[in-house]
Structures are given as C-alpha cells and as structure tokens.
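**Q** Once you've had a glance at the structure underneath, I'll fire off some questions.
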C-alpha cells in the first residue's frame, strides 16, 4: 500500500487541464509538447497556468497526484513530457467511482475547472445521485 503522508494533496487531470487537444488559433507553435505513449508520438498544447499550479502547490508543501481517464500510462507520459517528475508524487488512472458519506461539495470546497481558468465552487458542478446499492435491481 502506498501512503501519501501529507494532509495537503492537489489532484490534476491531464487532458484539457495540463495539455490540450487540437491547435487553437491563440496558441503559438512554441507552446506545444511532444508526448510519447505506447510508441505513439503526439503533439499537444500546454496549459501553462495549470502546469505552473503544480509547481506552486508543490512549493507550498502539497503532494501532487496526476490522473487521466486515458489511464496511468498516458498520465505518466504527460508528466514526463512536461518535465514534472520532480513535482509529482503519484500518477494513476482517473477514478471511476467515489464512495464517501458526504457529497463532494462538503469535502472539496473548490475546484479549478479547465479550460475556463477561473475558480468555481463544486456547487457549480453537476452532481450525480447514485442509486442505493442496498436495493436489489428490479
């Protein structure tokens, strides 16, 4: 078991948070990174504000977790391509399930949602009401 021995942890997603897809008109060619994953090389634009946020959180004593719905291999490839290995403590796939006795807005009072680049509270995030797992399926 891996224990993150810190009560301050910041979580970062990869796609459209650390790196973007496509080539927006406002992004110059110097703002791209080559990412190699499973032998496939791709070019993605860097969301520099969020990459810098990782460094800032780390300097403030946070442990950093980077995840991706694309899986742990993709998340690791992104971290390496962005030269963030000295800042990131754990890489994993994005969680598919969350079990807690509280709704996320109770324990996660703020979330920075990319690419809007503005802080929002979790009250603005669509919440899913999960079915009662004690009830049998009909």
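The values are calculated or read from the model by the stated rules, or taken from the named source; none is laboratory data. In this text, all values refer to a predicted model and were calculated from it rather than measured experimentally. Please note: Cβ atoms are built from the backbone with ideal geometry, for glycine as well, and neighbour counts cover all protein chains shown.
**Q** Which residues, taken from segment 1-46, are in a loop (DSSP other than H, G, I, E, B), surrounded by 14 or more Cβ atoms within 10 Å (Cβ to Cβ) and under 18 Å from the mean Cα position of the chain (by Cα)?
**A** 14, 16, 17, 18
**Q** Here's something else I'd like to know. Can you confirm whether residue 66 is modelled with pLDDT of 90 or more, surrounded by 15 or more Cβ atoms within 10 Å (Cβ to Cβ), under 14 Å from the mean Cα position of the chain (by Cα) and not in a strand (DSSP E or B)? Before the answer, list the steps.
**A** Details: modelled with pLDDT of 90 or more: yes; surrounded by 15 or more Cβ atoms within 10 Å (Cβ to Cβ): yes; under 14 Å from the mean Cα position of the chain (by Cα): yes; not in a strand (DSSP E or B): no.
Taking the combined requirement at face value, the residue does not satisfy it.
**Q** Another one. Any residue at all in segment 70-83 that is under 17 Å from the mean Cα position of the chain (by Cα), closer than 25 Å to residue 3 by Cβ, part of a loop (DSSP other than H, G, I, E, B) and at pLDDT 95 or above?
**A** The answer is yes, given that some residue of segment 70-83 is under 17 Å from the mean Cα position of the chain (by Cα), closer than 25 Å to residue 3 by Cβ, part of a loop (DSSP other than H, G, I, E, B) and at pLDDT 95 or above.
**Q** Sticking with this structure for a sec: Are there any pairs with C-beta distances below 8 angstrom linking a residue in segment 60-83 that is on the phi > 0 side of the Ramachandran plot and without any contact (Cβ under 8 Å) to a residue 60 or more places away in the chain to a residue that is part of a loop (DSSP other than H, G, I, E, B) and surrounded by fewer than 16 Cβ atoms within 10 Å (Cβ to Cβ), with the two at least 6 apart or on different chains, and if so which?
**A** 61/6; 61/8
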